[in-house]
Amino acid sequence: MDAFTDIRLKGVSYAFGTHTVLHHIDLHIQPGSVVALLGPSGCGKSTLLRLLVGLAEPAFGEIWFGDRLMAKAGWSLPPEARDIGMVFQDYALWPHMSVAQNVAFPLKMRNVPRAEREQRVMQALERVGLTAFAGRKPAGLSGGQQQRVALARAIVAEPRVLLFDEPLSNLDSALRESLCHEMAQLLRQIGTTAVYVTHDRREAEWLADRIVHLAAGTVESECTVTSSSGEMA
Ligand SMILES: Nc1ncnc2c1ncn2[C@@H]1O[C@H](COP(=O)(O)OP(=O)(O)OP(=O)(O)O)[C@@H](O)[C@H]1O
Ligand SMILES: [Mg+2]
C-alpha cells in the first residue's frame, strides 16, 4: 500500500459572488492524522470540505494531497479523480440498493472484479459490525446503522483521504457518543488521513489528533489533542 498522504492548503480563499467565506487558509495535515475542523455555524467548515472534495474551486491558493496538486485558482481535479471517501450528515445512501450494493459501489467504479469486490464489501461491513445486514435496504435500518453503512462505503476502497461533514449530528446523544468512539477506533486502525468537520468540541476531542478552530473563514487557532482530553467522560 502507498504511504499515507498529507494534505496542504496554501493561501486558499473562496467566495460566493462578492461574499468571501474563506480567507487565505494555510493548513498542513500530517499523513495518517485525523484533524477536526471545529467552529460555529456559518464559519466555512463545509465550504472547506467542498474544496477538498472538489465540489468547489478556490479563488486563490492551492490544495495538495501529497505531491499531487488537487486544485488552484481556475483549475480543479474532479472529485472522482481524487481518491476520497466521504461521509455526510444525512448518510446519502442509495435507497434502491441493498447495504452490500451501497458499499460495493466505490469498488464497481474502480472496476474491481466481482469476487474481490464481494470479499472487500464483507470485510468493510465486518469492520462496522453490519455483516448480518448485507441484504437489507437502507430504509430497514436505524439512523446509526445507516451511518455505519456510509462509513463502510467510505473506507471500502481504501482511499487516500477520508472526509466527514458532521456525520453524527442527526443521531441522539447516547448513540452519537458510542458511534464516535467506534469511529475513532476504526480511524486509528486504518490510519487514513482524515478531516472531520463538527461543531461539537467533545466529538473533536474524542476523534482527532489535532483540532483546527475556524472562525469567520480564517484559522483562529490549532491545538494538539492530548490523550487525557480525548478520554471518555
Ligand atoms: N450556496 C451559497 N451561496 C451563498 N452563500 C453561501 C452558500 N453556501 C454557504 N454560504 C455562506 O458561506 C458561509 C460558510 O458556509 P458553510 O456552509 O461553509 O458554513 P459551516 O461552517 O459549514 O456552517 P454549519 O455549521 O451551519 O454547517 C456562510 O456565511 C454561508 O451563509
Ligand atoms: Mg456545514
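The values are calculated or read from the model by the stated rules, or taken from the named source; none is laboratory data. Source: prediction; values computed, not measured. Backbone-built Cβ (ideal geometry, glycine too); neighbour counts: all protein chains shown. Calculation scope for accessible area: heavy atoms of the full protein, side chains included, ligands and nucleic acids excluded. Shrake-Rupley method; radii C 1.70, N 1.55, O 1.52, S 1.80 Å.
Name the residue, out of 5, 47, that is assigned to a helix (DSSP H, G or I) and open to solvent by less than 30 Å² (accessible area, probe 1.4 Å).
When all the criteria are applied, what remains is 47.
In the condition set (1) more than 16 Å from ligand 1 (Cβ to nearest atom); (2) assigned to a helix (DSSP H, G or I); (3) in contact with a strand residue (DSSP E or B) (Cβ under 7 Å, 6 or more places away or on another chain), residue 10 is compliant with all but (2). Selection of segment 28-44 for residues being open to solvent by 20 Å² or more (accessible area, probe 1.4 Å), in contact (Cβ under 8 Å) with a residue 60 or more places away in the chain and within 13 Å of ligand 1 (Cβ to nearest atom) yields 40, 41. Among 216, 184, which is the only one that is in contact with a Gly (Cβ under 9 Å, 6 or more places away or on another chain) and surrounded by 15 or more Cβ atoms within 10 Å (Cβ to Cβ)? Step by step, each of 216, 184 is checked, and only 184 is in contact with a Gly (Cβ under 9 Å, 6 or more places away or on another chain) and surrounded by 15 or more Cβ atoms within 10 Å (Cβ to Cβ). Answer yes if at least one residue in segment 88-106 is within 16 Å of ligand 1 (Cβ to nearest atom) and over 16 Å from residue 147 (Cα atoms), and no otherwise. Checked segment 88-106: no residue is within 16 Å of ligand 1 (Cβ to nearest atom) and over 16 Å from residue 147 (Cα atoms).
Every condition in (1) away from ligand 2 (no atom under 15 Å from the Cβ); (2) touching a helix residue (DSSP H, G or I) at 6+ places or on another chain (Cβ under 8 Å) is met by residue 214 except one, and the failing one is (1). What helices (runs of 4 or more DSSP H) completely inside segment 112-206 contain at least 1 residues that are within 26 Å of residue 8 (Cβ to Cβ) and over 15 Å from the mean Cα position of the chain (by Cα)? Qualifying helices (runs of 4 or more DSSP H): 173-190.
Please enumerate the residues belonging to segment 68-111 that are closer than 27 Å to residue 15 by Cβ, open to solvent by 90 Å² or more (accessible area, probe 1.4 Å) and among the aliphatic types (A, V, I, L, M). None; the set is empty.
Here's the yes/no breakdown for (1) without any contact (Cβ under 8 Å) to a residue 40 or more places away in the chain; (2) within 16 Å of ligand 2 (Cβ to nearest atom); (3) closer than 30 Å to residue 59 by Cβ; (4) basic (Lys, Arg):
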{"position": "88", "(1), (2), (3), (4)": "no, yes, yes, no"}
{"position": "101", "(1), (2), (3), (4)": "yes, no, no, no"}
{"position": "114", "(1), (2), (3), (4)": "yes, no, no, yes"}
{"position": "117", "(1), (2), (3), (4)": "yes, no, no, yes"}
{"position": "120", "(1), (2), (3), (4)": "yes, no, no, yes"}
{"position": "127", "(1), (2), (3), (4)": "no, no, no, yes"}
{"position": "149", "(1), (2), (3), (4)": "no, no, no, no"}
{"position": "171", "(1), (2), (3), (4)": "yes, no, no, no"}
{"position": "175", "(1), (2), (3), (4)": "yes, no, no, no"}
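Here residue 67 clears all of (1) more than 16 Å from ligand 2 (Cβ to nearest atom); (2) touching a strand residue (DSSP E or B) at 6+ places or on another chain (Cβ under 9 Å) except the condition numbered (2).
Is it fair to say residue 17 is on the phi > 0 side of the Ramachandran plot, open to solvent by 30 Å² or more (accessible area, probe 1.4 Å) and within 16 Å of ligand 2 (Cβ to nearest atom)? Here the answer is no, as residue 17 does not meet what is asked.
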